[in-house]
């Protein structure tokens, strides 16, 4: 299976399965001399890990990261950094009934048709469990970007199902399990999720991520535009069905006199471009919005087929996120960091 590595200079290769012995990543191209410890990475993994509230999967994984190589005496050496996260709470028997059928909306069908077989335990390679190594790798990128360029990457949930979440303060994001920037809306979100779990159903979400203080000039047109690479990596995240940058689809109703961000001696007047023009960073905040679909593993019975094409009813039991968007914020932060670090190194290589 190819397609498990992203980046050209800062390269991250993801490996493992949801219910295998371990998952992890190999990070190649990190410059030497960066102070790095397992604690730096663990802090980000703890933000993503399951079982942290009643609103997410109750799979109890500590997601303890081990650095196997690439760090000596607390600093990166410039050699590949191998990161390992052991799986400790897999329940493969929960998936025995769906080994021969396909969950509607899930990758079961396409994996089977493409490869001829699949690992049904927890979704195998298609599981959102495989986002943990990306978060671990992104922690390295976050630290390097902050040290070298003063870049800060933050995200939040702006909508859960039909409930829009107004932005009030970044301070609120870390104070609730939804990464919601408003304290007032949290009781409504909790009530909605409690009912959803009773229904045995799932829901989608919208996530926003912002990179503050990027320099001007990152991105390689025509085909390695910064915004194109951001969209590429975000669409590689499980359950993402839409990515927009800046005004996004809102630009459809804007006139050119409104959408084009005017320039003054003091800088840009607006940021409809989302921090990218012609595929190159403008120096403004890079703003990305993602649409995340409802989880495919639900208790509601739905029509499907088995491997022989016979009609069946599929019901998925076990432990699942009724809204995968709840834990998505630290993941999209990590993915944006990986792309930005790769482009930072690519820019340095070409333009000094």
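The values are calculated or read from the model by the stated rules, or taken from the named source; none is laboratory data. Quantities reported herein were computed from a predicted structural model and do not represent experimental measurements. Here the Cβ positions follow ideal geometry from the backbone for every residue, glycine too, while neighbour counts run over all protein chains shown.
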> In the set 238, 176, 213, which member is within 30 Å of residue 352 (Cα to Cα) and surrounded by 15 or more Cβ atoms within 10 Å (Cβ to Cβ)?
Replying inline: 213
>> Anything in region 263-283 that is under 29 Å from residue 350 (Cα atoms), free of Cβ contacts under 8 Å to residues at least 40 places away in the same chain and part of a loop (DSSP other than H, G, I, E, B)? List them, or say none.
In response: 265, 266, 271, 272, 273
> So how many residues does region 305-323 have that are out of contact with any strand residue (DSSP E or B) (no Cβ under 6 Å at 6 or more places or on another chain), buried (at least 17 other Cβ atoms within 10 Å of the Cβ) and over 16 Å from residue 99 (Cβ atoms)?
Replying inline: 3
> Condition test on residue 146, is it free of Cβ contacts under 8 Å to residues at least 24 places away in the same chain and surrounded by fewer than 13 Cβ atoms within 10 Å (Cβ to Cβ)?
Replying inline: no
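Can you tell me which residue within region 157-171, out of those that are surrounded by 23 or more Cβ atoms within 10 Å (Cβ to Cβ) and within 19 Å of residue 234 (Cβ to Cβ), is nearest to the chain's Cα centre (by Cα)?
Quick first cut of region 157-171, residues surrounded by 23 or more Cβ atoms within 10 Å (Cβ to Cβ) only: 157, 160, 165.
Restricting the remaining residues to those that are within 19 Å of residue 234 (Cβ to Cβ) gives 157, 160.
Working: 157: 13, 160: 16 Å.
Across region 157-171, the extreme among qualifying residues is 157.
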> Inside region 1-50, can you point out the residues that are over 16 Å from the mean Cα position of the chain (by Cα), modelled with pLDDT of 95 or more and part of a loop (DSSP other than H, G, I, E, B)?
Replying inline: 8, 9, 10, 29, 30, 31, 32, 33, 34, 36, 37
> Looking at region 284-331, which of the residues that are outside any strand (DSSP E or B) and closer than 30 Å to residue 347 by Cβ is nearest to the chain's Cα centre (by Cα)?
Replying inline: 331
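Quick check on this structure: which one of 185, 173, 209, 216 is modelled with pLDDT of 95 or more and touching a helix residue (DSSP H, G or I) at 6+ places or on another chain (Cβ under 6 Å)?
Working: 185 fails: touching a helix residue (DSSP H, G or I) at 6+ places or on another chain (Cβ under 6 Å); 173 fails: touching a helix residue (DSSP H, G or I) at 6+ places or on another chain (Cβ under 6 Å); 216 fails: touching a helix residue (DSSP H, G or I) at 6+ places or on another chain (Cβ under 6 Å).
Being modelled with pLDDT of 95 or more and touching a helix residue (DSSP H, G or I) at 6+ places or on another chain (Cβ under 6 Å) holds for just one of 185, 173, 209, 216, which is 209.
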>> If I ask for residues that are within 21 Å of the chain's Cα centre (by Cα), surrounded by fewer than 21 Cβ atoms within 10 Å (Cβ to Cβ) and either part of a strand (DSSP E or B) or modelled with pLDDT under 95 (or both), which ones from region 193-206 would you list?
In response: 206
